[in-house]
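Working notes for the structure below.
The values are calculated or read from the model by the stated rules, or taken from the named source; none is laboratory data. What you see is a predicted model, and the numbers here were worked out from it, not measured in a lab. Cβ sites come from the backbone with ideal geometry, for glycine too, and all protein chains shown count toward neighbours. The protein model used for the area step is the full one, side chains on, heavy atoms only, and it has no ligands, DNA or RNA in it. Shrake-Rupley method; radii C 1.70, N 1.55, O 1.52, S 1.80 Å.
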Amino acid sequence: MNDFDPELLKKREELRARGIDPYPYSFDRTHTLAEVRAGQSELMEKEVRVAGRVVAYRGKGKLIFLDLADASGRIQVMFRKDEFGDAAWDVVRRSVDLGDLLGVRGAVFVTKMGELSILPREYSVLAKAVVRVPIQKTKEDQSWFQLSDPEIRYRERYLHWITDPGSREVMRIRARAISLIRRFLEERGFLEVTTPTIEMLYGGAEARPFSTAIHALSGQPAYLRISPELPLKRFIVGGFEKVFTICQNFRNEGIDHSHNPEFTMLEWYEAYTDYLYQMGQFESLVASVVREISGGTKINYQGTELDFTTPWRRLTVLDGLREAGVEAGAMDANALRGEFEKRALPVPQPHTWGHAVAELFKELVEPTLVQPVFVCDHPVEISPLTKVRRGDPRLVERFEPMAARMELGNAYSELTDPVEQAERFERQKALGRDREGVTHHPIDLDFLKAVGCGMPPTGGVGLGIDRLVMLVADVPSIRDVIAFPLMRPKS
């Protein structure tokens, strides 16, 4: 029914029988363990009160050595029987286990072996663990009994964080990256805003939504946000010239090393700019985050050096296909069908020139894009919210930044002509559903009305925060940077 360990439950009851509350309300801590180490010379022989989880236990005779770990580090605690009465000593000897949380009051000293330690005169049980915590054993940079099962690491993340300080560091890197992003944008005059998580119409991306219903509105169908794009553009129309949001998006699609149905997105919109201006801003933002976290603009990601020094390479979709041996710009939809057949690739549905070009680029070029690059000028058929490319009406002014073969974001010179926007939506709707039966672009009439009120020239950008954190934290899976990734229920 639960994972409580009978032996540990018995020890919990033994503590209560001794009059000890194994779950007290507070503990008056004076120092973190890192502060004790940092202030070693000033604190020597002085009293401190520290707290942490028991991560090592070595007992013999009248001495018991514990290692305590808190969020800042770990330290040895040397219990000496002479400092305690029989009952208190018996608790340390018999009732304390790996995983328990303890508070100790004692003097800082250095053992004969030269190890900084604390000699406690009092202690408190702060939380008696009743689940066996798989604390790993470490010695001279080697580890044993590691939590190696990825299923457990992702499903029971608390165990991962308890047993692997590196996994906690990834979460700190994530938090710092988000803080740096906010600072970058706010220093440039952007206003952080919020957008609805539950919407009556979904839009702003090609994705299968999660659907729900509003009980208070007689079962009105509704959807979890797949993108904050359309609400953010309403802000621009309303007179907010620089806005951004950091939010969760929800897409009822695949799960793999770079996709999770719930993910964190940064989107910003800036009036009176276009996609060329935003390329420079995007690379500056990412380079600054990489530099602040890693100390430079070059990082090692899974054994490959990535150089985020600006400016990044600009590569158009048609140029990329040309380098791959496909002159897509000189071919029509039927000729492109032959390229799919020649390579035994499934023909995209719907089959238009634009969908064929995009799919061929995905298959032939994207796997080769390792260093940071802006993929520019996509087909108009797959970009209904974007201005037409100046000089080529088959394309739009759009870029996708990529690194380590992953798309990091998406950006447009936003379409601001309401009549053309309505026509694009109608053409998109006429294409029908895709091969999975998804209608990607229901028409949002209120959004068209908003744009019809007059929307200034605008550059809009989206950045996948989870994927950026993957790179700067050097982890292989998006599950490593999402605190609680979606998992199949336990059978």
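From the square roots a ≥ b ≥ c of the eigenvalues of the alpha-carbon gyration tensor of the range 327-485, which class results: rounded (a/c under 1.5), prolate (a/b over b/c), or oblate?
Taking the square roots of the gyration eigenvalues as a ≥ b ≥ c, the range 327-485 is oblate.
Give, in nm to one decimal, the length gained when the segment between Leu486 and Glu83 is fully stretched (0.36 nm per residue of separation minus the Cα-Cα distance).
Values: separation 403, 0.36 × 403 = 145.08 nm, distance 4.95 nm.
Full extension from Leu486 to Glu83 adds 140.1 nm.
Among the lysines, select those whose C-alpha is under 30 Å from the C-alpha of Lys387, and discard any that sit fewer than 8 residues away in the same chain.
Cα-Cα hits under 30 Å: Lys233, Lys242, Lys362, Lys429, Lys449.
Go through the range 1-94 and name the GluC sites (Glu not before Pro) that are in a DSSP coil and have 10 or fewer other Cβ atoms within 10 Å of their Cβ.
On the way: sites: Glu7, Glu13, Glu14, Glu35, Glu42, Glu45, Glu47, Glu83; in loops: Glu45.
Qualifying residues, ordered by number: Glu45.
Could you work out how far apart the two model spin labels at Glu169 and Phe4 are, taking each label as a point 7 Å from the Cα in the direction of the beta carbon, and quote it in nm?
3.7 nm
Rounded to the nearest 0.05, what FRET efficiency is calculated for Ile255 and His215 with R0 set to 35 Å and r the Cβ-Cβ distance? List each step's numbers first, then the result.
Values: r = 29 Å, r/R0 = 0.83.
Once rounded, the FRET efficiency stands at 0.75.
Calculate, in nm to one decimal, what Ala333 and Lys429 gain on full extension: separation in residues at 0.36 nm each, minus their alpha carbon distance. Show your work: numbers first, answer last.
On the way: separation 96, 0.36 × 96 = 34.56 nm, distance 1.96 nm.
Result: 32.6 nm gained on full extension.
Work out how much length Lys362 to Val419 would gain on full extension: take 0.36 nm times their residue separation and subtract the Cα-Cα distance, in nm to one decimal. Mind showing how you got there, number by number?
On the way: separation 57, 0.36 × 57 = 20.52 nm, distance 3.10 nm.
Using 0.36 nm per residue and subtracting the Cα-Cα distance, I get 17.4 nm.
Could you compute the net charge surrounding Gly464? Neighbours are other residues with a C-beta less than 12 Å from the C-beta of Gly464; K and R count +1, D and E count -1. Could the numbers behind the result be given before it?
Values: positive: Arg251, Arg467; negative: Glu267, Glu400, Glu407, Asp466.
That works out to -2.
Can you check what the net charge comes to around Arg157, using other residues whose Cβ is under 11 Å from the Cβ of Arg157 (Lys, Arg +1; Asp, Glu -1)?
Working: positive: Arg153, Arg155, Arg168, Arg479; negative: Glu156, Asp164, Asp480.
Surrounding charge for Arg157 is +1.
Taking 7 Å along the Cα-to-C-beta vector as the label spot, tell me the Ser477-Asp149 distance in nanometres, rounded to one decimal.
The answer from the label model is 1.4 nm.
FRET efficiency for Ser26 and Arg121, Cβ-Cβ distance as r, R0 = 22 Å, nearest 0.05? Don't skip to the end; give the middle numbers.
Numbers: r = 19 Å, r/R0 = 0.89.
The computed FRET efficiency comes out at 0.65.
Please list 243-251, 154-162 highest first by mean number of surrounding beta-carbon atoms within 10 Å per residue.
Numbers: 243-251: 20.2, 154-162: 17.2.
Highest to lowest by the protection proxy: 243-251, 154-162.
For the pair Gln371/Lys449, report the inter-label distance in nm, with labels modelled 7 Å from Cα in the Cβ direction.
5.1 nm
Just need the relative contact order of the chain here, percent rounded to a whole number, with Cα pairs under 8 Å and 6+ apart. Numbers along the way, then the final one.
Numbers: 904 pairs, mean separation 61.7, N = 491.
Normalised by residue count, the contact order of the chain is 13 percent.
If amide hydrogens are placed 1.01 Å from N in the peptide plane, which non-local residues have theirs closer than 5 Å to the one on Arg121?
Arg105, Gly106, Ala107
Under 5 Å between amide hydrogens, which residues at least 5 positions from Thr316 or on another chain qualify, with H placed 1.01 Å from N in the peptide plane?
Hits under the 5 Å cutoff: Cys376.
Ranked highest first by the average count of other Cβ atoms within 10 Å around their residues, in what order do 193-206, 275-288, 16-29 fall? List each step's numbers first, then the result.
Details: 193-206: 17.2, 275-288: 19.1, 16-29: 12.1.
Ranking the peptides 193-206, 275-288, 16-29 by packing returns 275-288, 193-206, 16-29.
What accessible area per residue comes out for the chain, rounded to a whole number of Å², with a 1.4 Å probe? List each step's numbers first, then the result.
Details: 23960 Å² over 491 residues.
Roughly 49 Å² per residue, with all protein chains present.
Short version: ³J(HN,Hα) in whole Hz for each residue of the range 211-216, in order, from phi by Karplus 6.51 cos²θ - 1.76 cosθ + 1.60 (θ = phi - 60°), x for Gly and Pro, what are they?
Running phi through 6.51 cos²θ - 1.76 cosθ + 1.60 with θ = phi - 60° gives 9, 8, 9, 9, 4, 6 Hz.
How large is ³J(HN,Hα), in whole Hz, for each residue of the range 396-401 in order, when computed from phi with the Karplus curve 6.51 cos²θ - 1.76 cosθ + 1.60 and θ = phi - 60°, using x for Gly and Pro?
10, 8, 9, 9, 10, x
Which order do the peptides 167-178, 397-408 come out in when sorted by mean C-beta neighbours inside 10 angstrom, highest first?
Details: 167-178: 16.6, 397-408: 20.8.
Peptide ranking by packing, descending: 397-408, 167-178.
Which of the following values of P(r) over Cα pairs in 20 Å bins from 0, in percent was calculated from the structure shown: [x] 24, 55, 19, 2, 0; [y] 21, 50, 27, 1; [z] 19, 42, 26, 12, 0?
[z]
Could you look at the range 330-446 and say what percent of its accessible area is carbon and sulfur, using a 1.4 Å probe and all protein chains?
Numbers: 2620 of 5140 Å².
Answer for the range 330-446: carbon and sulfur cover 51 percent of the accessible area.
If r is the Cβ-Cβ distance from Glu45 to Met113 and R0 is 22 Å, what FRET efficiency results, to the nearest 0.05? Don't jump to the answer; show the numbers that get you there.
Numbers: r = 18 Å, r/R0 = 0.81.
The value I calculate is 0.80.
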